[in-house]
Structure formats: C-alpha cells, structure tokens
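We did not get these values from a lab; they are worked out from the coordinates using the rules stated. Since the model is a prediction, treat every value here as computed from it, not as a measurement. Positions of Cβ are generated from backbone atoms using ideal geometry, with glycine treated the same way; all protein chains shown enter the neighbour counts.
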Amino acid sequence: MIEVRYFKCLIIGLLLVSGVYGQVGKYKNNFILPLRIEPALSGNFAEPRSRHFHTGIDFKTYSDGKDVLSVEDGYVYRIVVSPWGYGQALYVNHPDGYTSVYGHLSLFNPEIQKFVRKCQYENRSFSLDTILNPKQFVFKRGDVIAFSGNTGFSEGPHLHFEIRETATDMPVNTVNTIFFFKDKTAPEITHFVLYPLSKNSFIGGKTEKQIFKLTKNKDGVYSCDKVLPAVSGLIGVGLAYVDRMDGSSNRFGAESVKLYKNGELIYHSSLQKLDFEKQRSKNSMFDYQYFLEDKLNVHKLFVEPGNDLPVFPYTVNDGYFSVPAGETKEIRMSVTDYNLNSSEVIISLTGDTKEYGTVCQPDVAVVKADGSYIYADGGFRLEFDSASLYYDYELKVEKTAKWKYSDVYKVGEDFVVVKNDFRVMFFLDDELLKIKDKLFIGRKFDGDFSYIKSEVGQNFISANSSYFGEFYLWTDTTPPKITPQNIRESCNLSGAKSVSLKIEDDMSGIKNFNMYVDDIWILGQYDPRSKILTYFFDDKMPEAEKYTLKVIVEDNMGNISEYKAGFKR
C-alpha cells in the first residue's frame, strides 16, 4: 500500500511542475533572447556539476563584447562584481514576478559602468554587491544592458543566463517553457548500477555496489549484455547518462528520470526548479564516488534519508525495493531531456535464493543521518550536528602519520557526501599557542593540500569542513609572491593601457590586495584563473612626469608582501 506521504509528495510535485510550466510558460511571448546572435548552448538548466546543479543556461558567445539585452521590461535591482562565481553580473526584476540574471559579463552598459566604477572607488574595493533603487536603472525589453565576457569562474566566453522567481529567488527552467532550442537528440545512457541499501542486502552475495555497461539495441532500448547477479534485501538502482543537443558536443543533464518495477512507477525525479540552500544535495542524488573516480554522473533512482531536494514528484518507499527469492522482476527506467526526447533501459532482476546473514562491524561508530555525533581522541575532536549526513554512515577515524605540529587524522572516506559542515578541532599545548597567529587546519585529499579557515580559542583551534579527508595542523609564515608583468623600475608605459602583476600564494591563499599610484588608491582588477592583477589607466591617475606604483597583497594568515616601482607615462 502506498503511504499517505507519497500522495502528498505526488500532489506537491505536480503543483511544482505545473506551476513552472504554467506560470513561466504564459510569459513565453514576453521574454526575448538575451543575445542577438544565433543561440547555441554550452550549459543547460540543472545539469550536474561538481557540487551543485547548474542554475541557468549558458549561451555560447565565442568572444567577448556581444550585446546583452534585457529580456523584458524591468529595472536593475542588484549588481555584483567579483573575481569568483558569476564575475560581473546583473540582476533585473520584471513586473511579472520574475528576475533575469546575466553573468560573466565583460562590461556593463556605459551608464551602469560609470556607477559601478564610482562605487568601487568609494569603497576602495574591486568586489561589489549592491542592491539598487527600482528607479535608478530602468530598461525596456531589448535594451542593451551589458556586454558578454569571461569573468569569474568561467571556462570560456559565454553568457550565463537565469530566470528566477523574484519572491523566492529560486531559478526555474527556461528550456521548452520560455525558449525553444532545436534538439531531437535523445539522452545517451552508458551504465547501470546496483546498490545494496541495508545491512542484509546483497548483490550476487557481495555488499558493495556494482556497475555494468549498457548497450543500445536495434529498437533503441538500452540493456545489459551480462547476466546480472541475483539480489536480496533492499536494493536501489542508478543510471549514468549524458544528454546532448543537435549540433553540439557539450554534455547536458536530463529533466526527468523514472523507475518502474513490473510496470509500477516507484521513482520519479523532475528538475524544474532549484533551491540554492539545498544545492549540496546534488551529490546525494548523484553518486559522488563515480564522479570523483570515473567522471561519471550516476543518477541514483532512490532518495536517501537526508536528501530534501524538492525534485521528486512521486516515489514509493523512496525508490527502495526488493525482489522476492527465486522471482524475476522487470526493471524499466526512462531518461527524458528538456525537449522531451527520451531513452529507455529495460533489465531483469532475480531474487537470490541464498542466505548470507547480516554484515556488521561492531567496532565502527555509526553516525546517524538524523542525529548528532562527537568523536574525541586526546588532542583531536570531531563534532557533527544533527542531520550532517544523507544516510547512516559507519565512520572510521584513524591516525595516518605524525607531522611537525600534529598527528594526521583520516576522517571517513573522501567520496562520502556531507550535508552540513562538521567541526574539526585540535587542542593546543603551550608551544603551539606561541605560534597560534600563523597556525591553521589543513586538509589533504588525493595528494592535494587545502587551507581551511580556522579559529583559535583559549586552548584549541577549530574549523568547519564540508569534506571528509585527512586533517592536520600547519603554519603559513610565507608572504604572497608578486611578479611584475609589464613594469620594472624606471620603465616607460606611455604606450600601454594598463599595468599588471602576477600575485599568488601557495599556502593559505590571497585574502586582499590594494594598488596605489603616488599613494592614491587605484582600482585593481583580479583574475584568479591567471592570477593577474591589472590596473587599467583611468582618470584617477594624477598629472605628473613620473609615478610610483605600490602594490600590497595579504594572504589569509596575515602575511603581507609589497612591491614598488617608478615609471613614466
């Protein structure tokens, strides 16, 4: 019998999907494309990224400087400038209850650009995030509001575009609701995964998940060539797939995935609206281990206990199921993209007639998905608040090495996803307290080191982490490195439009930077991908025969570097 909560889930899901299609769809004729060039996508709505779903669509621009248009009448309510994220971005509110977002811009339109530059100089900061008066910058549909670029975390020239509900700030799907893009290419399904989901679950007598390659038959349906192992206990399944659009080699995600057991629908996901606060749950819906190790996006067709993404219109027992011993059940799965192209997988699963008993590890602590947990070992401590994980997890903590300032503690497995940050603490003796200002907690993963922002208390140091891994104490006493690019002492920059330097820090990372000409603050623009800091000559330059450039860079542990050079212009 289907429980009442599943009927509620179904009703909520249907309202969600019909709401997005109905409300956004009725404005289809109001919104225009944000670019004048022929549309081609390099990123689709809700495609899985490393730790989140893509919240918009990415339009290829091939180069910087393309006109970016307001898709409907509205006013600019927010401007963001940052070395990270969307780089330079505009947020435009529209009278129909929606907000359009334009990211990775190279420049704003002249009126906005002048305002932004004024704010940056007033705040003495390159970064800016400001909310505006509704009457300050008002535009009509089709007005040029900015120019496309490659700023922030961008891997090439493109325009990141979103439509959000203004009231909730939730991004909604625009493909096949507002915009239509030519696409008759169905999703490509490559692998099938079987998951044992309880202590008495087995896949061919084994307690580990198993992955199998799929092949496409002449009728277009995918199947597995191998005879699948018998299963027992609660089981879950997963699919690895990609979607492509006509004429594009880019890899996209799917809108809807369904699972049927003997013709009965038991799982349905539909990605039509996203919640920023729940984005981390992407790696509960998609298998993080396969992503890390094989670069596969494996969609789990079951809902883990801690996964609260509002994207499951209907499930029976959260997609968990069993196959009675000796019986064979047909398992059918479908993957549908945003242009309603669909692919299907059909396999058969047989219930195992063997009995294997229950597997347990009595010496391993279990962190409950809905519970809190504390681990303490001499000078080391872990604290998990309630609902830190997506499922009950047998947590192993072990010392792996002794380093200069502390033991190294390996916490859990790197591929296990954390829902809410947990706290890592090291207790400090008198010797460590003497160097506390340069001390921090580091994390090591797969040979790579990462700095974690740490806080020092009375006799301990702590940090919040969103990843498992190996943790230890380290220090940073080395200031950032500044390398001039087109300037040297007494050089002539009369033919140059800018002055640039490379700034880098290989330990705790760059915290802030400032540039001055003759002790007058000037606007430095930082690109973290190239590590280049640039000042484009502007009207803030004083009138003089020669100048002195000063650059001050500080890392996250308070180490400071300074560079000075005289030049003519």
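Of note:
- Computed FRET value (nearest 0.05) for Glu431 with Gln279, which takes r as the C-beta separation and R₀ as 30 Å: 0.10
- Residue exposure sequence - Tyr373, Tyr102, Tyr86 - by fewest surrounding Cβ within 10 Å: Tyr373, Tyr86, Tyr102
- FRET efficiency, 1/(1 + (r/R0)^6) with R0 35 Å, evaluated for Ala496 and His52 via beta carbons: 0.30
- Average 1/r across all pairs of distinct alpha carbons in the chain, invert it, and you get the Kirkwood radius: 26.9 Å.
- The chain: angle of helix 110-123 to the longest principal axis, Cα-based, in degrees nearest 10: 80
- Between helix 4-19 and the chain: long-axis angle, C-alpha atoms, 0 to 90°, nearest 10: 40
- Each residue of segment 458-472 was assigned a 3J(HN,Hα) from its phi angle through the Karplus expression (A = 6.51, B = -1.76, C = 1.60, θ = phi - 60°), giving 5, 9, 8, 10, 9, 8, 9, 10, 9, 9, 6, x, 9, 10, 6 Hz with x at Gly and Pro.
- Listed by Cβ neighbour count within 10 Å, with the fewest neighbours leading, His160, His94 appear as His94, His160.
- Stretching the chain fully between Ala387 and Lys216 yields a gain of 57.5 nm (0.36 nm per residue, less the alpha carbon separation).
- Sorting the Cα pairs of segment 481-568 by distance into bins of 5 Å, from 0 upward, gives 3, 14, 28, 26, 16, 9, 4, 1 percent per bin.
- Fewest neighbouring Cβ atoms within 10 Å first, the residues Leu439, Leu389 line up as Leu439, Leu389.
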